[in-house]
1. Between ASN165 and ALA624, 0.36 nm times their residue separation minus their Cα-Cα distance comes to what?
2. Please list 152-161, 728-737 highest first by mean number of surrounding beta-carbon atoms within 10 Å per residue.
3. Quick one: putting +1 on the C-beta of Lys and Arg, -1 on the C-beta of Asp and Glu, what dipole do you get for segment 424-531 around its Cα centre, in Debye to the nearest 20?
4. Please give the peptides 259-270, 220-231 ranked by average Cβ packing (other Cβ atoms within 10 Å per residue), highest first, as a rough proxy for protection.
5. How far apart, in nm, are the 7 Å Cα→Cβ label points at THR329 and ASN440?
6. If r is the Cβ-Cβ distance from GLU643 to SER508 and R0 is 56 Å, what FRET efficiency results, to the nearest 0.05?
7. So if I take the centroid of the Cα atoms in segment 265-325 and the same for segment 115-167, what is the distance between those two points in Å?
8. When the label point is put 7 Å from the Cα of GLU156 along its Cα-to-beta-carbon vector, which residues of segment 211-236 have a backbone N closer than 18 Å?
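What follows draws every value from the coordinates through simple rules; no lab data is involved. Model, not experiment: these values are computed from the prediction. Please note: Cβ atoms are built from the backbone with ideal geometry, for glycine as well, and neighbour counts cover all protein chains shown.
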Amino acid sequence: MSGRLFARLDMLNSGETPSGRADMRNLGNGHSIPPSPLKLFGQAKKRINDIFKEIGEYIHESDTFMQTTHENAADLVTAEDAEKVKGFKEKVDGITEVLARDHMKVAFFGRTSNGKSTVINAMLRDKILPSGIGHTTNCFLQVEGTDSNEAVLLTEDSDKPKSINDIKQLAHALSNMKLNSNKCIRILWPKEKCRLLKEDVILVDSPGIDVSPDLDEWIDEHCLDADVFVLVANAESTLMQTEKNFFHKVSSKLSKPNIFVLQNRWDISAIEEDIDEVRKQHMERNIQFLGKELNVVKPEDAETRVFFVSAREALVSRLHEDKGTPTPTGALQEGFQVRLFEFANFERTFEECISKSAVKTKFELHTERGKNINYNLRTVMEDVHHRSINRRDEQSKIFEQKSEELDIMEKQTKLLTAEIKEKIKDMVDDVERKVACALNEEIRRLAIIVDEFDRPFQPDPFMLNDYKKALQEYCSKSLSENLQTHHSADLNKSVYAARQNIIERLSSLLNEASKAQYSSIPKRDFELTYRLDCRNLCAEFREDIEFRFSFGPTALMQRFLFPMKKQHYLAEGGSGIPRQPVVTDVSQSRDSEILVAMMTTFASVTSRTTVGAMVFMGMVAKAAGWRVIAVSGALYGLLYFYERLTWTNKAKERAFKRQYVEYSSSKLRLIVDLTSSNCSHQVKQELASTFAQLSQQVEVSKQNLQSEIKEIQKDIDQMKDIASKSKTLRNKADWLDSELNSFQLQYLQHEV
Ligand code: GDP
C-alpha cells in the first residue's frame with residue numbers, strides 16, 4: 001500500500017469520510033473550510049467577464065468618441081480609424097459572448113461497460129445516465145447545468161426540449177431508436193441539485209471506444225474543447241490497445257491533454273488474492289502509458305493521475321448518504337472506505353486539474369486578445385492625443401498671431417484715422433487756398449478774355465442784349481476752361497496723390513480678400529468743377545455807352561474834386577457819372593458818394609443857368625481879355641467835336657467791355673470764397689468717401705479677423721476636449737491592461 005493511501009486511511013480513522021470531506025466546504029460553521037478548486041474557474045470566469053465588460057464599455061465609449069471626433073475633425077480621426085475601433089467592438093462582443101458560455105469540460109472514455117456512466121452518476125450523486133451491463137451508451141451524452149428546476153433533454157436535430165424520461169429511449173444502445181454514435185444529447189440538469197454543475201462543469205459520456213469505428217470524428221467533434229479526459233478502465237483487465245490508440249489520437253491533436261485513469265471496479269479487490277500485485281502492475285502500466293508513451297505528464301507525476309476506485313460503491317453510498325439512509329449490507333465490499341476515499345481523492349485532484357486547465361485554455365487566449373485589442377486601442381488613442389495636442393499648439397500659435405494682428409489693426413486704424421483726417425483737412429484747406437488764388441488770377445485776366453471776345457458790336461439795345469448774353473456765356477466758358485487747364489491739373493493730381501496715399505495706408509490694414517474686393521470696385525477719376533455762371537452773376541449789369549464830353553463842366557468838376565486812384569464802375573442806369581473814379585474804401589466811398597451827389601446837383605444847377613455861365617464868362621473876359629476867350633472857346637469847341645467824332649462803335653465797344661470787366665470782376669471777387677470752398681468741399685467729399693469706403697473694408701477685415709479668431713478659439717477648445725478625452729481613454733487602456741496583467745498573474749501563471 002502506498003504512503004498516499006496510508007495518509008488517506010489516517011484521515012478516515014479520524015472519522016472523516018471522503019464524501020464528508022467533499023461536503024465540508026458547504027458547512028459554513030465557522031471552521032476553516034478549504035474552498036473547492038472549481039471555484040478558481042468560477043472566480044476567474046467572473047473576473048475575466050468583468051474585465052471584458054469593462055473593455056466592452058471602454059470600447060463603446062471609444063467608438064462613440066471616435067465617431068464624434070471623426071464627424072467634427074476628420075483630419076484627427078479618419079474614417080479608417082473609426083472603423084478600426086468599431087472592429088474592436090465587434091471582436092470584444094464576440095469574446096464576451098464566448099466567455100459567458102465558457103465552462104469546464106470533462107470527457108469520459110473507455111471500453112463498453114467499464115463503468116463510465118456509473119462514474120459520472122457517482123460524481124453527480126444521482127442516477128442521471130443510463131447504465132447497465134453490455135453496450136449501454138449509444139451516443140455522446142453531455143450533462144450540463146441549467147438554472148431551471150426541471151431537467152430536460154436537447155437533441156441536435158431539434159431545439160425543442162424533451163423529457164428526461166426519454167433518455168433511455170434515445171441514448172440506450174438497446175433502444176429501438178438508433179442514434180449515430182457521434183451525435184450528442186444534451187442533458188440539462190438543475191444546477192441546484194449538483195455542485196459540479198453549479199460550478200460550470202460539463203460531463204460528457206461516450207459510447208465505448210471498442211465499438212466505435214470513427215474515433216477521429218469523435219475527437220474533432222467532442223474532444224477538442226475538453227479540459228480533462230478520464231479513461232475509465234477495468235481493474236479486472238489491463239489497458240487494451242483500443243483504449244491506448246484512442247488517447248494516442250487525442251494527444252496527437254491536443255498538446256499535452258490532461259488524462260486521468262480510473263481503474264474502476266476495484267471492489268473486486270475485496271475478493272481477489274494478490275491484489276497488491278495486481279494494483280502494482282496496473283500502476284506501472286499506467287505510468288508507462290501516461291508518462292512515457294503519451295508523454296502527457298512527467299513519469300514521476302503519472303502516479304497522481306491513476307486511481308483505483310469502485311464507481312458503483314461510490315454511487316450507492318452517496319445516494320444513501322444523500323437520502324440519509326444507511327447503505328444496505330452487501331452493497332459495499334470489504335475495504336470500501338479506502339475506495340470511497342480514492343474516489344473522493346480522484347474528484348479533488350480532477351477538480352484542481354480541470355479548474356486550472358480550463359482557466360488556462362479558456363481564458364489565456366482571450367486575455368491575450370484583450371491585451372492586444374487594448375494595446376491597439378491605446379495606440380489609436382495615443383495617436384489621436386498627439387494629433388490633437390499638435391493641432392492645439394498650432395492653432396494656439398495662429399490664435400496669438402491673429403490676436404496680435406487684430407490688436408495692431410485696431411491701433412493702426414485709430415492712428416491712421418486721425419492722421420488721414422488731419423491730412424484731408426490740410427488738403428481741403430490747401431485746395432481752398434489754391435482755388436481762391438487761381439480764381440483771383442483768372443479775374444485779373446478777365447480783361448484779356450473779354451478783349452478776345454470777337455463779335456460785331458451794335459449799340460442798338462436789342463442787339464446789345466444778345467451781344468451781352470454771348471459775352472457772358474463766353475466769359476463763363478473761358479473762365480472755367482482756363483481754371484481747368486491752368487490750375488485743375490495740379491489740384492486733381494494732388495487730390496489723386498492724396499487719395500492714393502489714403503488707399504495705400506489703409507490697404508496695409510486689409511487682408512488679401514478685402515484688398516481684392518476693394519480693388520474690384522470701379523473708381524471714377526476725380527475732376528474739380530467750378531460752376532462759374534457769369535450770366536447769373538452779371539444779370540444786373542447795365543452798360544453806359546452814351547457820349548459824354550470829357551471837358552464838360554460836370555466832368556471837370558468831378559476830375560478836380562475826386563482825384564482818387566481806385567475806382568469802380570457804378571452801373572446805376574446811367575444816372576450817375578460814368579467812367580469816373582470812385583473811392584473803394586467803404587467809409588471813404590460813402591463820403592465820396594455824398595460829395596459827388598452834392599457836386600453833381602451843384603454842377604447841373606450851374607450848367608443849366610445862363611446867368612451862371614454869363615457871370616463866369618464875364619469874370620474870365622475881365623481877367624484874360626476877349627481874344628483869349630475866343631481862342632479858348634474855339635479850342636474847346638474843336639475838342640468837343642473831336643471827341644464827338646471819335647465816339648464810334650469801336651469806342652463804344654471798348655467802353656462796354658471795360659465796364660463789363662469792371663462789373664463782372666467785382667462780382668466774381670464776391671464769389672471767390674464760395675467757389676473755393678465749394679471746390680474744397682468736392683475734394684473733401686472725394687477723399688472722405690475714399691476714406692469711408694476703405695474704413696468700411698478695414699472694418700470688414702477686422703470683423704473677418706475677429707470671426708477667424710473666434711473659430712480658432714473654438715477649434716482650440718475642441719482640441720483640448722479631444723486631447724483630454726483621448727488621454728483619459730488612453731489611460732483607461734493602461735488600467736485595463738493592468739487588470740488583464742493582474743488576471744494573468746493570479747490565474748494563468750501556474751503550471752497545470
Ligand atoms: P459504461 O458502458 O462504461 O457506461 O458502463 P456502465 O456505467 O453502464 O456500467 C456497466 C455495468 O458495470 C453496470 O451494471 C454497472 O453497475 C457496473 N459497474 C460500474 N461500475 C462498477 C464497479 O465499480 N464495480 C462493479 N462491480 N460494477 C460496476
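1. So the chain would gain 146.6 nm between ASN165 and ALA624.
2. Details: 152-161: 13.5, 728-737: 17.9.
Ranked by mean Cβ neighbours within 10 Å, highest first: 728-737, 152-161.
3. Result for segment 424-531 is approximately 380 debye, rounded to the nearest 20.
4. Ranked from most to least packed, the peptides come out as 259-270, 220-231.
5. 16.0
6. On the way: r = 75 Å, r/R0 = 1.33.
With R0 = 56 Å, the Cβ-Cβ based efficiency is 0.15.
7. 24
8. 211-226
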